[in-house]
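Remarks on the structure that follows.
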Amino acid sequence: LFQTALNDYYSIELAIDYATLAASCNNELATEIWNDLLPAYGYEFTKGRLIWSAWREDFMRREKEDVDEEKFKKIVKRFKEELLLPLNDMKVTYAEFREFSDKHSSFNFDRASIDEEVKNTRKIHQKVLSYEQKLKKIDDKSHRERIQTYKIYIESLAEDLEEEYVQILYERMITSCCLNESAWMDYIHYIQNRPKDWAPVESNKSMIFRQTELDIINRALRNCSWSADLYVEKMRVLEVEQKPRLEVQHTLEKACTIQYKSAEPLVKIWIEYLSYLIRNTNYEDEKQKEILRSNFDLAWNKIGRAH
């Protein structure tokens, strides 16, 4: 149930509850849950620190013996991963890190290099903080202002932030403005324009970063089922991915069940579908040519009758 819910919407509050469940699971299942949560919800600015903190608490509880060098290195590695993210209350995490490392000072590690990297993260944190404060002040109903703030946030800091952090910003935007089709279209275009060779590191098991354009479009249509632009985008993606014609046809049929306020959305949808047929018709095959002609007639009759 947690996984189903989190596959629909990005929710740090639900993720924190899920982390609580992990603490009551066996080691194997708990590891699976943490591998899903940390790479995605550990990136959330306001409460992401709580996810990292919950992991440390759970890890230490399970490891009943004293901390040996191997466990020490694992915890330091997690601390470093967290401290390299511009999260709220970085100072608190850093203080905990220093306390932990001082307590186990018999183990060697390169603290100087971590401190240097943390300095760089703090510089980015100051930039991030200004946008997070703006988002916090926006009224719940001011969706356009929130979307615009997210867009400027992403555009201004994309080069400073990890790719995963940027994608989480999109996830946060579409969750808080889930009925705004432009927010979804921006997210889809971001995925489309991302370097094709980009992929999350092997240790990152979160499904958020393994979504395809089609996955996000389907999520978008569950929220904005009235959006002609999203149906058009889905048909285009289905064609690029060389999906069966029947899938494109089903998308058209679904789109045509919507009661639009004007003819324009329906015309847009039919033009895209007919353009798709034109590009994918074998003109040496009389049957395929007849299918194309009949679809033009059908489009004309349907749009004419309805409008």
Looks like segment 179-294, by Cα gyration tensor root eigenvalues a ≥ b ≥ c and the a/c under 1.5 rounded cutoff (else prolate when a/b is bigger than b/c, oblate otherwise), is oblate
In segment 150-220 the accessible area split gives carbon plus sulfur, as whole percent at 1.4 Å, a share of 51 percent
For segment 129-143, just list the computed ³J(HN,Hα) in residue order, Karplus coefficients 6.51, -1.76 and 1.60, θ = phi - 60°, integers in Hz, with x standing in for Gly and Pro. 4, 4, 6, 5, 5, 4, 4, 5, 7, 6, 4, 4, 8, 8, 5
Okay, helix-only estimate at 222 nm for the chain: each DSSP H run of n ≥ 4 adds -39500 (n - 2.57), divide by all residues, round to 500 deg cm²/dmol; what do you get? -23000 deg cm²/dmol
Return the carbon/sulfur percentage of the accessible area of segment 58-139, one whole number, probe 1.4 Å, all protein chains in place. 48 percent
I'd like to check one number: the per residue accessible area of segment 170-301, probe 1.4 Å, reported in Å² as a whole number. 55 Å²
Which value, in Å², gives the accessible area per residue of segment 33-165 when a 1.4 Å probe is used on the protein heavy atoms? 58 Å²
Using only the Cα atoms of the chain, build the gyration tensor, take square roots of its eigenvalues as a ≥ b ≥ c, and label the shape rounded, prolate or oblate: rounded if a/c is under 1.5, else prolate if a/b is larger than b/c, else oblate. prolate
Filtered hits (lysines, Cα-Cα < 17 Å from Lys302, offset >= 8 within chain) -> Lys254, Lys261, Lys268
In segment 222-278, what percent of the accessible surface is made up of carbon and sulfur (1.4 Å probe, ligands and nucleic acids excluded)? 52 percent
Would you work out if segment 1-92 is rounded, prolate or oblate? Take a ≥ b ≥ c from the square roots of the eigenvalues of the alpha-carbon gyration tensor; rounded if a/c is under 1.5, else prolate when a/b is larger than b/c, oblate otherwise. oblate
Using +1 on the beta carbon of Lys and Arg, -1 on that of Asp and Glu, and nothing else charged, what's the dipole of segment 170-307 about the Cα centre, debye to 20? 300 debye
Hey, if you put +1 on the Cβ of every Lys and Arg and -1 on every Asp and Glu Cβ in segment 55-176, which of Tyr94, Ile174, Trp55 ends up farthest toward the positive end of that dipole? Ile174
Any idea what the dipole of segment 1-159 comes to, in debye rounded to 20, about its Cα centre with Lys/Arg Cβ at +1 and Asp/Glu Cβ at -1? 680 debye
Sparsely packed chymotrypsin sites (Phe, Trp or Tyr not before Pro) within segment 175-240, loop by DSSP, other Cβ within 10 Å at most 12: Trp198
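The values are calculated or read from the model by the stated rules, or taken from the named source; none is laboratory data. Only a predicted model underlies this, so the values are computations on that prediction, with no experimental measurement involved. All Cβ positions, glycine included, derive from the backbone under ideal geometry; neighbour counts span all protein chains shown. Remember, those area values only see protein heavy atoms, side chains included, never the ligands or the DNA or RNA. Shrake-Rupley method; radii C 1.70, N 1.55, O 1.52, S 1.80 Å.
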